[in-house]
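The values are calculated or read from the model by the stated rules, or taken from the named source; none is laboratory data. A quick note: this is a predicted structure, and the numbers were derived from the prediction, not measured. All Cβ positions, even for glycine, are placed from backbone atoms using ideal geometry, and neighbour counts span all protein chains on display.
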Amino acid sequence: MGIIKRVVMMLKADAHGVLDLLEDPVDLCNQAIRDMEGDIEVLRGRNQQLEDRHRQLLKQKEQAEQRLSELHGQIEVCLKAETRDLAKGVIKRKLQLEQRLKLLIHRIEEVENELLLGEQRVKEFEERLAAVREKLELLTERGSHGATICPDMNGMNDVWISDEEVEIALRQLEAQSTHTPQR
């Protein structure tokens, strides 16, 4: 059983290696750029929604504070007129409004934190996108000079060999073969 598993693993590794060779790095980078640009747009849309929500909450907070000030004035009038029953109703509304105001302030803080995180995410994605664009530029620049990709022995890193380097090596070999006596 051990041998069969090993053979299957070797075949899978070879299949993955062939697929890796068939994939064009430029196409992969272009696809990654498109995907990242889409992700950034989604994040920006989410941030815009959060900004809209933040403005709404701030407006509600301002209205609640204004209404709270009005209720405070009404309580003073009720107390001066010695109408305790009426003052109790106004005090109850004031206390309820104060609780809603606390919840609004808490929600505003949450939205502000979400906005900060969203802006950080956009910045991180934009940095990643810039790195992929640089890699694409490097790939297309080397590709335009007639470079070829040669995988190293382990298949881990790619070595770039330009056509000029191949030409120089060929001339050196030709020069060596003409100077060495033939047997």
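Here is a list of conditions, (1) over 39 Å from the mean Cα position of the chain (by Cα); (2) in contact (Cβ under 8 Å) with a residue 40 or more places away in the chain, and residue 105 meets all of them except one; can you say which number that is?
Here residue 105 clears every test but (1).
Just checking, which of 87, 64 is surrounded by 12 or more Cβ atoms within 10 Å (Cβ to Cβ), in a helix (DSSP H, G or I), of a type outside the set (D, E, K, R) and at pLDDT below 90? Working first, answer last.
Details: 64 fails: at pLDDT below 90.
That would be 87, the only listed residue that is surrounded by 12 or more Cβ atoms within 10 Å (Cβ to Cβ), in a helix (DSSP H, G or I), of a type outside the set (D, E, K, R) and at pLDDT below 90.
Determine whether segment 14-21 contains at least one residue that is touching a His at 6+ places or on another chain (Cβ under 9 Å), over 26 Å from residue 136 (Cα atoms) and either modelled with pLDDT under 85 or not polar (S, T, N, Q) (or both).
At the first step, the residues of segment 14-21 found to be touching a His at 6+ places or on another chain (Cβ under 9 Å) are none.
No; the residues of segment 14-21 include none that is touching a His at 6+ places or on another chain (Cβ under 9 Å), over 26 Å from residue 136 (Cα atoms) and either modelled with pLDDT under 85 or not polar (S, T, N, Q) (or both).
Restricting to segment 132-179, name every residue that is surrounded by fewer than 11 Cβ atoms within 10 Å (Cβ to Cβ) and modelled with pLDDT of 60 or more.
141, 170, 171, 172, 173, 174, 175, 176, 177, 178, 179
Just the residues that are surrounded by 12 or more Cβ atoms within 10 Å (Cβ to Cβ) and under 40 Å from the mean Cα position of the chain (by Cα), please, taken from segment 90-102. Reasoning before the result, please.
Going through segment 90-102, the residues surrounded by 12 or more Cβ atoms within 10 Å (Cβ to Cβ) turn out to be 90-91, 93-94, 97-98, 100-101.
Within segment 90-102, 97, 98, 100, 101 qualify.
Tell me which residues, restricted to segment 48-81, are farther than 21 Å from residue 92 by Cβ and of a type in the set (Gly, Ala, Ser).
none
Out of all the residues in segment 95-107, is one or more assigned to a helix (DSSP H, G or I), among the hydrophobic types (A, V, I, L, M, F, W, C), at pLDDT 95 or above and within 27 Å of residue 40 (Cα to Cα)?
Among the residues of segment 95-107, not one is assigned to a helix (DSSP H, G or I), among the hydrophobic types (A, V, I, L, M, F, W, C), at pLDDT 95 or above and within 27 Å of residue 40 (Cα to Cα), which makes the answer no.
If you check residue 55 against the conditions, is it within 44 Å of the chain's Cα centre (by Cα), loosely packed, with under 13 Cβ neighbours inside 10 Å and in a helix (DSSP H, G or I)? Talk me through it step by step, then tell me what you get.
Working: within 44 Å of the chain's Cα centre (by Cα): yes; loosely packed, with under 13 Cβ neighbours inside 10 Å: yes; in a helix (DSSP H, G or I): yes.
Yes, satisfied.
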